[in-house]
Amino acid sequence: MSAVFDLLVLGGGPGGYRAAELAAKSGMKVALVEKDRLGGMCLNRGCIPTKAYYARVIGGHGRIESLWEDKEEIVSRLREGLGTLMRMTGVETFKGTGRIVGTGELKKLEVSLENGSVLEIEGRNLLIATGSRSLPLEIEGSGLPGVITGDWAVALPELWKSPEREEFSSVALAGAGVIAVEMAALFRGMGKEVTILKHSEELLRRVDKDVKKKLIQNFKKKKIRMVDSFRPERVCREGQGLRVQGTTPNGPEEIACDRLIVASSMIPVLDGFGLENTSIRADRRKGIAVDECMRTSEPGIYAIGDVTGGMMLAHLAEYQALVAVEAMQGRTVSIPAESVPWCVFADPEIAVVGLSEQEAEQRQIPFVAGRAFFLGNGMALAMGQSDGFVKVVAGKDGKLLGVHMMGPEASSMISEAALAIRHGLSVRDVAYTVHPHPTLSECFKDALFRTLEELEKK
């Protein structure tokens, strides 16, 4: 092709398609290359499918009987919408595998299209948004049928579609992070026996200790088994199921299950697109190194999202896209790490922004904390969802440091806290903002006032 693009985007996930949209709307000529389907793992094999399941299995919205079919319809509709968005904004989309073949003043991608043809496209800027994948379980038997990686589990009809999903009754989850916790809640809600194989004694390592304690209590009530400090050694067939063999500090341990889902870690995708043809600094686990404007060590090449390591969140990738596109046009936008919220769709939901008590202690920041429980919230009681609490962590100077929610619609409520932390507001600033009644947000307001009481004691 003879035309030169202002921006080449490699990867059509949340970060990639958002960068393409923003750049095109600002007047840049944009090409986007995606080897599979628009939306990336988030839309097709991650965030959206799991929330479609969550809404029906745990939220009580829709019919569990049509779990798979409903998910397929939702994903298809959103994917079609993305295609329309790319066309309407003038983004030229190529379905194929892109490979970096030039990094001079003009960046060059060799694109192998679906029909077998190969073309070369050039651009003044290149943005890498190739995402992440599950870290494989490298032990004997890891390739057996029934051993499934977390990045593909939600897209397998055998796990979610009726009648296939009735053909298994037990699941083991290797991992203790967000994927493992959400999967555990879903499968238990579907009536499956669930065992979580934790690589340490931790569950959701970065979560505040009080949230973690409550989550473990809830899992125990739901009869979700947890095996601490488990080191898997081999997987073998046992009849129609599997047997996972390993060790714990107490000795050998064996777990029988019908399915084993490897949900331990995600690693950046650094292969298959010609990264070796560049001088970009990258690490297998930490991803591509970038500065605060998402610039790599190669001039004119940017990287965003999971491929840069760190917090692997779809919404963070979208905002990193904003940062990168602004930087291409000579403007600077910053996203303080402490102001990035993240959520866990367990039962009930968990949402976090800012520092936990443990992190404040590690940084030697004097702090106080206050809590309020949904048991005292009128809307939560009216909804029949009064389990959980909101916890606020504040510096001795009154500055809001962190907010930790566990309860109904926590994922929707955390944005107010993220805004407050983003702009350095104090506990008093937010507490003295009128919160409507009767709403779940009053639980956050109550926690803020409890924190003010703690500050006054000091």
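No lab work stands behind these numbers, since they all come straight from the coordinates. Note that this is a predicted model, so its numbers are computed, not measured. Every residue, glycine among them, receives a Cβ derived from its backbone with ideal geometry; neighbour counts consider all protein chains shown.
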Inter-site label distance for L381 and E276 at 7 Å from Cα along Cβ, in nm: 6.5
Across K214/K286; K51/K220; K209/K457; K399/K457, pairs whose alpha-carbon gap is larger than 27 Å: K214/K286
Mean Cβ neighbour count within 10 Å, used as a protection proxy, ranking 382-391, 216-225 highest first: 382-391, 216-225
Contact order relative to length of the stretch 136-264, as percent, for alpha carbon pairs under 8 angstrom and 6 or more apart: 34
Packing-based ranking, highest mean first, of 38-47, 121-130, 322-331 given that Cβ atoms within 10 Å are counted: 121-130, 38-47, 322-331
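Between S26 and T84, what length comes free when the chain is fully extended (0.36 nm per residue of separation minus the Cα-Cα distance, one decimal in nm)?
19.1 nm
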Stretch gain in nm, segment K209-E138, where the contour uses 0.36 nm per residue and the Cα spacing is subtracted: 22.4 nm
Two-site FRET efficiency, D291 against D36, from Cβ-Cβ distance with R₀ of 25 Å, rounded to 0.05: 0.30
Whole-percent pair-distance distribution, where bins are 10 Å wide, for the alpha carbons of the stretch 153-294: 10, 33, 29, 19, 8, 0
Label point distance in nm, S229-Q217, each placed 7 Å from Cα along Cα→Cβ: 2.5
Environment charge of V154, counting only residues whose C-beta is closer than 11 Å and scoring Lys/Arg +1, Asp/Glu -1: +1
Cut-off 10 Å between beta-carbons: net charge of the residues surrounding T332, Lys and Arg +1, Asp and Glu -1: -1
Simple spin-label estimate for E164 and L119 in nanometres, 7 Å along Cα-Cβ: 3.5
Bins of 20 Å, starting at 0 and running to the largest distance - Cα pair percent for the chain: 23, 52, 24, 0
For the chain, calculated [θ]222 nm from helices alone, where every DSSP H run of n ≥ 4 adds -39500 (n - 2.57): -9500 deg cm²/dmol
Contour minus Cα-Cα distance for R331 and R284 (0.36 nm per residue): 13.9 nm
Dipole magnitude of the stretch 136-264, debye to nearest 20 (Cβ charges: Lys/Arg +1, Asp/Glu -1, about Cα centre): 640
Across the chain: Cys residues that no other cysteine approaches within a C-beta distance under 4.7 Å: C236, C257, C293, C343, C443
Alpha carbon centroid spacing (whole Å) that separates the stretch 8-26 from the stretch 108-145: 17
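Calculate the FRET efficiency for L419 and M311 from the Cβ-Cβ distance with a Förster distance of 25 Å, rounded to the nearest 0.05.
Working: r = 18 Å, r/R0 = 0.72.
The computed FRET efficiency comes out at 0.85.
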Proximal charge balance of E349 [Cβ under 13 Å; K/R count +1, D/E count -1]: -2
Dimensions (Å) - the stretch 339-457, Cα atoms, principal axes, largest first: 39, 27, 23
Kirkwood Rh in Å, taken over all unlike Cα pairs in the stretch 69-138: 15.0
For the stretch 232-349, the fraction of alpha-carbon pairs in successive 10 Å shells from zero, as %: 11, 29, 23, 20, 14, 4, 0
